[in-house]
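Below you'll find the structure, written out as structure tokens, and then a few comments.
The values are calculated or read from the model by the stated rules, or taken from the named source; none is laboratory data. Owing to the predicted nature of the structure, the values given are computational and were not obtained by experimental measurement. As a convention, Cβ positions derive from the backbone with ideal geometry for all residues, glycine included, and neighbour counts pool all protein chains shown. Remember, those area values only see protein heavy atoms, side chains included, never the ligands or the DNA or RNA. Shrake-Rupley method; radii C 1.70, N 1.55, O 1.52, S 1.80 Å.
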Amino acid sequence: MRMRAWPVWVAPALLTLTVTLTGIGRAQLWRDELATWSAATRSVGALVRLAGTIDAASGPYYLVMHGWVALAGDSVTALRLPSALAMTVAAGLTAVLGARLAGSRAGLLAGLLFAVLPGTSRYGQEARPYALATLFAVAATLLLVAAPRRPGLGRWTAYALLVAALGLVHLVALTLLAAHAVGVLAQGPGGAAERARRLGRWVLAVLPAALVVTPLVLLAGTQRGRQLDWVDAARPDDLAALAGGVAQSGVVGGLLVGLAALGAARLGRPALLPGCAVLLPVAVLFAAGSIVPLWVPRYLVFVVPFACVLAGAALAAVALPAALPVVVLAGLLGLPDQFALRRTHEWPRGATVDYRGAARIVGEQRQPGDAVVYSPRDSWLFLDLGLAYHLDDRLPRDVLVTEDQARRGDLWAAECDRPAPCLAGVDRVWLVVAGRRPDPLAAVPGAKGDALRTGFRVEMVRQRPGLTVALLRRR
């Protein structure tokens, strides 16, 4: 059967599914995914407390994952599978959107290019909301393009639901609505009165979604200082690095930008919507990030399909046999990053934190009555979550904890103010410290370090990438 007899979305969707499922469970969960696991395995009541304390912006996603984990379990593959499926559907819809705007050949090439990007694999193999946001962004835009041709309450209702879902899983993705407003004004013929009517219908569709998302926006705004305390203000050189960040490859990101620019020039007026869907979210987030710390490149992964649509339009200028080698070239250029991201999701790639290796050391040599202590306890490395995930019920007693994460409504547990009495009666302590520490006891600050140095001696030290594990025995 000839290729053109197949729907344009089939090949991109199948290729994306194949690529994202390949090695999906190989890289161990990194710290952000550990936060997802911690949240998703709590009760609904504990999730509500968490949303009220620190992570409201991710609350709806955590609720979805809570239901998913109850059905599929919490293995690495199970936690990442929703993202892989979301990217698969997003690839198919990218092809359909490209076909609507620039023809079937452009749509097919756009979907295939999206499938081979290292960033598609990276965020399709991550238990975080970015793949879902990408799916909802493309789906909502596709409905917006189709609305003037087949207007009706059902289509606008579906659009409103998708916009609400987009905002609930990723608040930053609502910057896409700026591009949608431009697209509505530019769609179809008609004078000022007709454009005003189209804009009015769009506003009426967006308004219910805005009402749903507004409470989340307000609550998340109060948590920004704590949630994003690690983010710096945006700088001009951040824009230059953005393409490589979202594509997860500098050379492939540069190729995508070049093709997208050529496609925009070739398409003309139809390039307005996908072009704005790339540029306006970037501009809005950069402007906001220059004032308050918000600039995180992965927050903009949802714009990548629209860049692929423009790139597909550029490639469609030549015959398919001549265009496909460019897609293959993009895939080959991204192979080193494809292999690297399946080793670790940390960035840079050399900054691996080997929770699994540390857990193996503890699990193989633990004895009844052992305790475990972490330093630092309140960092974004989530040392305790990393060991808890891999050891489960084999984890030694967390002797310093007075209130765990779920009861506290937080991502970090609370520890006793006076560590020495809490360590009384413990003969062996597993000390897990961030970084490579020749003298792990010296790396523990404050009263906790004093209590450990006074009461225990180091019996064994093992180094793992990003971590040091020491066995302490009472003096």
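Reported value for segment 106-166: 77 Å³ per residue, from the convex hull of its C-alpha atoms. Averaged per residue, the chain has 42 square angstrom of accessible surface, using a 1.4 angstrom probe with ligands and nucleic acids left out.
Let me know the shape class of segment 280-384, please: from the alpha-carbon gyration tensor, a ≥ b ≥ c as square roots of the eigenvalues, rounded when a/c is under 1.5, otherwise prolate if a/b is greater than b/c, or oblate. Judged from the Cα gyration tensor, segment 280-384 comes out oblate (a/c at least 1.5, b/c at or above a/b).
Shape annotation for segment 225-283: C-alpha extents along the principal axes are 44, 24, 17 Å, from largest to smallest.
To the nearest Å, what is the center-to-center distance of segment 302-319 and segment 244-281, using C-alpha atoms only? About 7 Å separates the Cα centre of segment 302-319 from the one of segment 244-281. Extending 7 Å from Cα along the Cβ direction at Ser75 and again at Ala424 yields two label points whose distance is 4.6 nm.
The HN-Hα couplings worked out from phi for segment 423-430 by the Karplus form 6.51 cos²θ - 1.76 cosθ + 1.60 (θ = phi - 60°) are 8, 4, x, 9, 9, 10, 10, 8 Hz, whole numbers, x standing for Gly and Pro. Listed peptides 101-113, 356-368, 429-441 appear in the order 101-113, 429-441, 356-368 once ranked by packing, highest mean of other Cβ atoms within 10 Å at the front. With all projection directions averaged, the alpha carbon convex hull of segment 144-184 covers 2.7 nm². Over segment 93-231, the reciprocal of the mean inverse Cα-Cα separation, the Kirkwood hydrodynamic radius, stands at 16.5 Å. Seen from Ala247, the other residues with C-beta closer than 14 Å to its C-beta sum to a net charge of +1, counting Lys and Arg as +1 and Asp and Glu as -1. With no solvent and one equal point scatterer placed on each C-alpha of segment 310-449, evaluate the Debye formula and give log10 I(q)/I(0) for q = 0.17, 0.20 Å⁻¹, two decimals. Cα-only, vacuum Debye calculation for segment 310-449: -0.99, -1.29. At an R0 of 45 angstrom, the distance between the Cβ atoms of Gln367 and Thr53 translates into a FRET efficiency of 0.80. Under the criterion of Cα pairs below 8 Å and six or more residues apart, the relative contact order for the chain equals 17 percent. Summarising the label geometry, the points placed 7 Å from Cα in the beta-carbon direction at Val10 and Asp392 lie 4.1 nm from one another. The distance from the alpha carbon centre of segment 437-475 to that of segment 162-186 is 50 Å, rounded to a whole number. Using all C-alpha to C-alpha distances in segment 1-116, build P(r) with 5 Å bins and read off the rounded percent in each one. Using 5 Å bins, I get a P(r) of 2, 12, 17, 15, 14, 12, 11, 9, 5, 2, 1, 0 for segment 1-116. Counting only Cβ charges, +1 for Lys and Arg and -1 for Asp and Glu, the dipole size of the chain around its Cα centre is about 960 debye.
Each Lys or Arg adds one and each Asp or Glu subtracts one; over the other residues with Cβ under 11 Å from the Cβ of Pro440, this totals +3. Once C-alpha pairs closer than 8 Å and six or more residues apart are averaged by separation and normalised to the residue number of segment 286-437, the relative contact order reads 20 percent. What fraction of the Cα pairs in segment 193-352, stated in percent, has a spacing above 28 angstrom? The share of Cα pairs beyond 28 Å in segment 193-352 comes to 38 percent.
Relative to the longest principal Cα axis of the chain, at what angle does helix 130-146 sit, 0 to 90 degrees, rounded to 10? Roughly 20 degrees between the two axes.
If you model segment 98-141 as an ellipsoid using its alpha carbon gyration tensor, with each semi-axis the square root of five times an eigenvalue, the axes come out at 22, 14, 4 Å, biggest first. Peptides 250-261, 44-55, 136-147, ordered by how many other C-beta atoms sit within 10 Å of their residues on average, highest first, read 136-147, 250-261, 44-55. Treating only the Cα positions of segment 63-152 as identical point scatterers, give the base-10 log of I(q)/I(0) from the Debye formula at each q in 0.12, 0.20, 0.23, 0.26 Å⁻¹. Taken in order of the listed q values, log10 I(q)/I(0) reads -0.42, -0.90, -1.04, -1.19.
Counting 0.36 nm for each residue step from Val212 to Ala241 and taking away their Cα separation leaves a gain of 7.1 nm. Across all directions, the average projected area of the convex hull around the alpha carbons of segment 10-52 is 4.6 nm². Inverting the pair-averaged 1/r between distinct Cα atoms of segment 339-385 gives 12.6 Å as its Kirkwood hydrodynamic radius. Taking a ≥ b ≥ c as the square roots of the eigenvalues of the Cα gyration tensor, segment 164-285 is oblate, since a/c reaches 1.5 or more and a/b is not larger than b/c.
Cα-based values for the chain, radius of gyration first and Dmax second, are 24.7, 86 Å.
If the chain linking Thr222 and Val203 were pulled fully straight, counting 0.36 nm for each residue of separation and taking away their Cα-Cα distance, it would gain 4.1 nm. Taken as Cα centroids, segment 23-65 and segment 72-113 sit 23 Å apart, rounded to the nearest whole angstrom.
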